[in-house]
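Engineer: Mind looking over this structure? Questions follow.
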Amino acid sequence: MVADIVILGAGQAAVSAIETLRKAGSTAAITLIGDETALPYQRPPLSKAMLKGEVEAATLSLRPQAWYEGVTLRLGVRAERIDRAAACVQLSDGTAVRFDRLLLCTGSQARRLPSGIGGTLAGVLSLRGLGDAVALRGALAGARRLAVIGGGYVGLEVAAVARGLGLEVTLVEAGARILNRVACAETAALLRARHRAEGVRIIEGCGVSRILGETRAQGVELDDGTVVPADLVLVGIGAVAGDALAAAAGLATRNGILVDGFCATEDPRIFAAGDCATFPLGGVPGRLESVQNAIDQAACAAQNMLGASVAYAPVPWFWSDQYDLKLQIAGIGTGADRIVTCAGKRAGAVSHWYYAGDRLCAVDAVSDPAMHMLARRFLAAGSAPAPDAVAEGWQAVMAFSKAPA
Amino acid sequence: MPRITWICASGREVEAEVAVGRTLMEAARGLGIEGIHSECGGNLACATCHVVVDPARAAALGSPDAMEDDMLDMVDAGREPTSRLSCQLTVTPAFDGLRLTVPGV
């Protein structure tokens, strides 16, 4: 009998787990522990609407306070240690919470630049949580020149917002190109062109040697000696899995808390889901940082905590909004050997389809939500139009979706 | 405040007052309406907040924009003539008495 369930980490995954436990009719007592004081909130708007000032912090809550009735909320306290022998989590306020099942959804933290190269100077910010977004919004209001380090989603989204606010923006990517890990070259080219048209200076294939300034950032020096003047620096160089507590408790970690295909760690009482979990993804251990993964993996873990054996087999998807471009990605492009471009129905709509041989792996849709939705359906069903059909354009893809199987 | 009714696929009806300025998706999420998942949080990225609006009232709510229109063509439950994504419906006083059907999948 599972009497006490503890959820460590109060984000999107936690909400999904609670919802699933309730739906399953669980009568277990649920305790939710989080180190931030806010109720679980949406993160995607932090780099978009929240920065623009279109929404306020209070509206980001995933659920209102009343929704948590029956759940013991321990917010604003840090978990210090997982004591597996005593089956409890020790908290920063000196108390301990006992568990029969423990779900770790401790998320991820922004990777920072070392202080030796200026990573901790004033005016050097990163963006992960609500506090970061509030700080960045304030800093953007008083800044003239922004240097963005890192050409991933966060960096590009912030660059877009900052341009909209009238700042001079330079984005530096150490890898060969922007969106190197997360989108194909064709998609990256489209976004690069748009950012440049909006006035963002993009420098690719060049690392940062240090951030200049005595106490406050004044610029960024690149590996080739170039100096990018800036009074604000946003570091968006990826995230590190929140796996320290698990590791300290003796659980296996590998760039994240290692779980099996059922979201369980090697300790059958302890599960992990969301950004912090490394799980079998297409045959290799992988980690996903996305809303989809937080929701679906936590739902799967919650069922399995109650004794079910549901395998986690996601169709990953992501999205990013930059200017009026909507980028939606379905699947995982790793292993693809060619990209097929598919013209969309509306002006500006295009999608890039990744194939390994004839197998569809992923689709990047730019301002083409219809193709994105279809791609997710194809990937879930394991049946997709042939590359030649996709190359003909959206009508052919639509026709495939409507053809009897 | 305008009163809104959701009719869930299970037959359960939920009636609630919703503040002007909130979206129907946000309201549904707070009420725990079955079938409204709102995975993307109102960013028009997921189409999991699909509702079918009472046909008599649909015209008064305006028409979906191009992006919403494309998403609606792809909703899992199939599109109805008055299908909408409820994250795109911001409540005004004119919404009072509105009834929404939440399709089951």
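Engineer: Which trypsin sites (Lys or Arg not before Pro) in the range A:207-260 sit in a loop by DSSP (not H, G, I, E or B) and have at most 15 other Cβ atoms within 10 Å of their own Cβ?
Structural biologist: A:254
Engineer: Can I ask one more? Residue-wise, which Karplus ³J(HN,Hα) couplings in Hz belong to the range B:68-78, taking 6.51 cos²θ - 1.76 cosθ + 1.60, θ = phi - 60°, and x for glycine or proline?
Structural biologist: 5, 4, 5, 5, 4, 4, 10, 5, 4, 7, x
Engineer: Sticking with this structure for a sec: What number comes out for the charge environment of residue A:336, summing +1 per Lys or Arg and -1 per Asp or Glu over other residues with Cβ under 13 Å away?
Structural biologist: Neighbourhood net charge equals -2.
Engineer: Quick one: how many lysine pairs in chain A have C-alpha atoms under 28 angstrom apart, if they're 8 or more apart or on different chains? Before the final figure, lay out each step's value.
Structural biologist: Numbers: A:48/A:326; A:48/A:345; A:52/A:326; A:326/A:345; A:326/A:402; A:345/A:402.
The number of close lysine pairs in chain A is 6.
Engineer: Here's a follow-up. Checking the a/c ratio against 1.5 first, then a/b against b/c, what shape does the Cα gyration tensor give for the range A:158-230? Write out the running numbers ahead of the final one.
Structural biologist: Working: a/c = 2.53, a/b = 1.37, b/c = 1.85.
Oblate is the answer for the range A:158-230, as a/c is 1.5 or above yet b/c matches or exceeds a/b.
Engineer: Could I have the simple spin-label model distance between residue A:284 and residue A:90, label points 7 Å from Cα toward Cβ, reported in nm to one decimal?
Structural biologist: Between residue A:284 and residue A:90, the label points sit 3.9 nm apart.
Engineer: Hey, can you grab everything whose amide H is under 5 Å from the amide H of residue A:81? Only 5+ residues off in sequence or another chain; H modelled, so Pro and N-termini drop out.
Structural biologist: A:90
Engineer: So in the protein assembly as shown, what percent of DSSP beta bridges are antiparallel if you round to the nearest 5? The partial results should precede the final answer.
Structural biologist: Values: 58 of 97 bridges.
Just about 60 percent of them are antiparallel.
Engineer: Starting with the fewest neighbours, write out A:223, A:324, A:275, B:54 ranked by other beta-carbon atoms found within 10 Å of each beta-carbon. Write down the numbers at each step before the final one.
Structural biologist: Working: A:223 13, A:324 10, A:275 29, B:54 16.
In order of increasing Cβ crowding within 10 Å: A:324, A:223, B:54, A:275.
Engineer: May I pose another question? Within 10 Å of each Cβ in A:389-395, how many Cβ atoms from other chains are there, averaged over the peptide? Mind dumping the intermediate values first?
Structural biologist: Details: counts 0, 0, 0, 0, 0, 1, 0.
Counting Cβ atoms of other protein chains within 10 Å of each residue's Cβ and averaging gives 0.
Engineer: Around residue A:323, what is the net charge, scoring Lys/Arg as +1 and Asp/Glu as -1 over all other residues with Cβ under 15 Å from its Cβ?
Structural biologist: Working: positive: A:48, A:52, A:163, A:192, A:194, A:196, A:326; negative: A:54, A:157, A:198, A:321, A:324.
Local net charge: +2.
Engineer: Given the peptides A:285-294, B:57-66, arrange them by the average over their residues of other C-beta atoms within 10 Å, most packed first. Don't skip to the answer; put the middle values down first.
Structural biologist: Details: A:285-294: 21.1, B:57-66: 13.1.
Final packing ranking: A:285-294, B:57-66.
Engineer: Let me ask something else. Given the range A:126-266 reduced to its alpha-carbon atoms as identical point scatterers, what log10 I(q)/I(0) does the Debye formula return at q = 0.22 Å⁻¹?
Structural biologist: -1.29
Engineer: So what are the ³J(HN,Hα) numbers for the range A:372-378, from phi and the Karplus equation (6.51, -1.76, 1.60; θ = phi - 60°), rounded to whole Hz, Gly and Pro as x?
Structural biologist: Coupling constants for the range A:372-378: 4, 5, 5, 4, 4, 5, 4 Hz.
Engineer: Isolated Cys in the protein assembly as shown by the 4.7 Å beta carbon test?
Structural biologist: Cys with no partner Cβ under 4.7 Å: A:88, A:105, A:184, A:206, A:263, A:276, A:300, A:342, A:361, B:8, B:49, B:87.
Engineer: Now a separate question. Explain nothing, just compute: Karplus ³J(HN,Hα) = 6.51 cos²θ - 1.76 cosθ + 1.60, θ = phi - 60°, for every residue of the range B:39-47 in order, whole Hz, x for Gly and Pro.
Structural biologist: My calculation for the range B:39-47 gives 4, 8, x, x, 9, 6, 10, 10, 6 Hz in order.
Engineer: Size of the protein assembly as shown along its principal axes in angstrom, Cα-based, largest extent first?
Structural biologist: Cα spread of the protein assembly as shown along its principal axes, largest to smallest: 67, 61, 51 Å.
Engineer: With runs of 4+ DSSP H residues as the only contributors, calculate the mean residue ellipticity of chain A at 222 nm using -39,500 (n - 2.57) per run, divided by the residue total and rounded to the nearest 500.
Structural biologist: Helix contribution divided over all residues of chain A: -7500 deg cm²/dmol.
Engineer: Using Cα-only point scatterers and the Debye equation, what is log10 of I(q)/I(0) for chain B at each q in 0.17, 0.23 Å⁻¹, rounded to two decimals?
Structural biologist: -0.68, -1.38
Engineer: Within a 10 angstrom radius of the beta carbon, how do B:8, A:300 rank from fewest other beta carbons to most?
Structural biologist: Values: B:8 18, A:300 25.
Result, fewest neighbours first: B:8, A:300.
Engineer: Still on this structure, please answer the following. How long is the gain from residue A:269 to residue A:37 if the chain were fully straight, where each residue apart is worth 0.36 nm and the alpha carbon distance is subtracted? Intermediate results must be reported in sequence, preceding the final value.
Structural biologist: Details: separation 232, 0.36 × 232 = 83.52 nm, distance 2.70 nm.
Computed gain between residue A:269 and residue A:37 is 80.8 nm.
Engineer: Then there is this: I want the local charge near residue A:277. Using Cβ-Cβ distances under 12 Å, sum +1 for each Lys or Arg and -1 for each Asp or Glu among the other residues. Provide the component values of the computation, followed by the final result.
Structural biologist: Values: positive: A:254, A:287; negative: A:243, A:260, A:275, A:289, A:296.
In short, -3.
Engineer: If you rank B:37, A:352 by fewest surrounding Cβ atoms within 10 Å, what's the result? Display every interim value, and only then the final one.
Structural biologist: Details: B:37 18, A:352 26.
Neighbour counts put them in this order, fewest first: B:37, A:352.
Engineer: Roughly how many whole Å is it from the C-alpha centroid of the range B:1-66 to that of the range A:145-160?
Structural biologist: Comparing the Cα centres of the range B:1-66 and the range A:145-160, I get a distance of 34 Å.
Every number here is computed from the coordinates shown, using simple stated rules; none is lab data. Small disclaimer: the values here were computed from a predicted structure and weren't measured. Glycine also receives a Cβ, built like all others from the backbone with ideal geometry; neighbour counts cover every protein chain displayed.
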